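A short write-up of the structure that comes next.
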Amino acid sequence: MAPRADRSTDAHPSERVQTYGGPVAAEELGTTLIHEHIFVRDLELERNVPGLEWEPAAAVERAVAGLTALHALGVSTVVDLTVVGLGRDVRLVSEVAQRSPVHLVAATGLYVAEALPLHYRFHGPGRLVDEPEPLVDLFVRDIEDGIDGTAVRAGMIKVTSEGAQLSEAEERVLTAAAIAHERTGIAITTHSVPHLRNGLVQLAFLQARGVSPERIIIGHSGDTPDLDYLRALVDSGATIGLDRFGMDHVQDDRTRLDTTVALLRHGYADRMVLSHDAAFYSHVTPPSWRAAHAPRWHMEHLQRTIVPELLERGASEADIDQMLIVNPRSLLATREGDRR
């Protein structure tokens, strides 16, 4: 078991977090949903496939209303982990952010499994267009300069892997993420597949490239009740994302709650974050499907249902604050010029 550094309940005065509205003091984040999406889209499909239920103006109104309702429930910050490969569109989301009382945090990264987009398959060291790794340039530019020519700077790096072992494409993305992290100090969060225990593979790969587990979240860890696996992750010093509450078609909430309570009893509140992985629109699971098949899969579910149930089952208010305020703040916060 690796020693775990304590996460202070107080933010350092110089710590900042990049949001759609610019940098804010870390202490202003408050209750934070650290793994959500505003819009998950496929821009090419939108232009060529009818029936996706996508209408931009209506989607913006739905998102503004949803974030306003969240704020009334006490949520102050939402991290939008929509990256390249999931239809990231910061210009449209900026319309939502400007009208929302909630801080929105953007992310950089690339959602990929077996194959990179064509551009990246042919650009890079030793490839047809032989040049320095363009993924590093993309991630660092998003963090330091802004996304898509805007002033919106990314506050987190998002990477994915789908198999028991990393594909060549996934290795390339995770390597670029590690380099971008080293240059900027921004934390890395992952999309993992817990029944394959591949969070351990992600963790080992990133650690081997110099990323401290303290700056890594292994996402979707709550999709499994395998406590031995989950304890191996948190004992390394990494944080686990119990971030799909309401996603009953993957794992029922009762099992997710059992897992959360068991980990709290083992003393792991300082290494867990809670969220939903929900969206106000997704072309994968459009609004009509969600309404019929996943009615609890929305961003109000934690505050309305899950937090009260955790408290009833013995979680303390301090546990809830640790998972929803202290841990997200510690992971998102950096100091200008920081190199962690």
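Looking at 255, 305, 334, 259, can you tell me which residue is of a type in the set (S, T, N, Q) and modelled with pLDDT under 95?
Working: 255 fails: modelled with pLDDT under 95; 305 fails: modelled with pLDDT under 95; 259 fails: modelled with pLDDT under 95.
Every option except 334 fails the conditions.
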Within segment 167-186, tally of residues that are in contact with a strand residue (DSSP E or B) (Cβ under 6 Å, 6 or more places away or on another chain) and in a loop (DSSP other than H, G, I, E, B): 2
Residue among 115, 69 that is of a type outside the set (Phe, Trp, Tyr), at pLDDT 95 or above, out of contact with any Pro (no Cβ under 9 Å at 6 or more places or on another chain) and surrounded by fewer than 20 Cβ atoms within 10 Å (Cβ to Cβ): 69
For residue 100: the one exception among (1) surrounded by fewer than 18 Cβ atoms within 10 Å (Cβ to Cβ); (2) free of Cβ contacts under 8 Å to residues at least 60 places away in the same chain; (3) more than 30 Å from residue 200 (Cβ to Cβ); (4) within 21 Å of the chain's Cα centre (by Cα): (1)
Every residue from segment 144-166 that is in contact with a strand residue (DSSP E or B) (Cβ under 6 Å, 6 or more places away or on another chain) and not polar (S, T, N, Q): 153, 154, 155, 156, 157, 158, 159
Close pairs (8 angstrom Cβ cut-off, 6 or more residues apart or separate chains): of a type outside the set (D, E, K, R) in segment 128-147, surrounded by fewer than 13 Cβ atoms within 10 Å (Cβ to Cβ) anywhere: 128/122; 129/122; 132/125; 134/119
Residue in segment 310-322 that is surrounded by fewer than 14 Cβ atoms within 10 Å (Cβ to Cβ) and closer than 25 Å to residue 82 by Cα present: no
Residue match in segment 283-297 (condition: touching an Asp or Glu at 6+ places or on another chain (Cβ under 6 Å) and under 14 Å from residue 239 (Cα atoms)): no
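The values are calculated or read from the model by the stated rules, or taken from the named source; none is laboratory data. In this text, all values refer to a predicted model and were calculated from it rather than measured experimentally. Neighbour counts are summed over all protein chains in view; Cβ atoms, including those assigned to glycine, are modelled from backbone coordinates with ideal geometry.
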